[in-house]
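Report on the following structure.
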Amino acid sequence: MRGKPVIISENCKGCELCIYSCPKDILVMSEDTNKRGVNFASCIDESKCIACKMCAITCPDNVIDIIKFK
């Protein structure tokens, strides 16, 4: 299964929990900031996403969704 994380960067509070939960290590904290002045999570290699949803499940604010590809 493949997928792609969709992160609502403006609502991210920068807790980094998604980064630690990703088994493929494709999430990092962006050097950019959102409207809150917080560095937000960002995907560095969508092609490695296995659509496991661990990042979305771990996110306490539900700012991550996974789009699955067939």
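The values are calculated or read from the model by the stated rules, or taken from the named source; none is laboratory data. Keep in mind the model is a prediction, meaning the values are calculated, not measured. Cβ coordinates were reconstructed from backbone atoms using ideal geometry, including for glycine residues, and neighbour counts include every protein chain displayed. Accessible surface areas use protein heavy atoms only, side chains included; no ligands, DNA or RNA. Shrake-Rupley method; radii C 1.70, N 1.55, O 1.52, S 1.80 Å.
Brief remarks follow.
- Verdict on Ala51 being open to solvent by less than 40 Å² (accessible area, probe 1.4 Å), on the phi > 0 side of the Ramachandran plot and in contact (Cβ under 8 Å) with a residue 24 or more places away in the chain: yes
- Pairing each residue of region 3-24 that is closer than 13 Å to Val63 by Cβ with any residue that is open to solvent by 60 Å² or more (accessible area, probe 1.4 Å) and not hydrophobic (A, V, I, L, M, F, W, C), provided the two are 6+ apart or on different chains, yields C-beta distances under 7 Å for Val6/Asp65; Glu10/Lys35; Asn11/Asp61; Lys13/Asp61; Gly14/Asn39; Cys15/Pro60; Leu17/Pro60.
- One residue stands out in region 54-70 among those that are charged (D, E, K, R) and over 9 Å from the mean Cα position of the chain (by Cα): the one that is surrounded by the fewest Cβ atoms within 10 Å (Cβ to Cβ), namely Lys70.
- Enumeration of residues in region 7-34 that are within 16 Å of Ile50 (Cβ to Cβ) and exposed (fewer than 13 other Cβ atoms within 10 Å of the Cβ): Pro23, Asp25
- Unique residue being within 11 Å of Val63 (Cβ to Cβ) and of a type outside the set (Lys, Arg) when the list is Asn39, Asn34: Asn34
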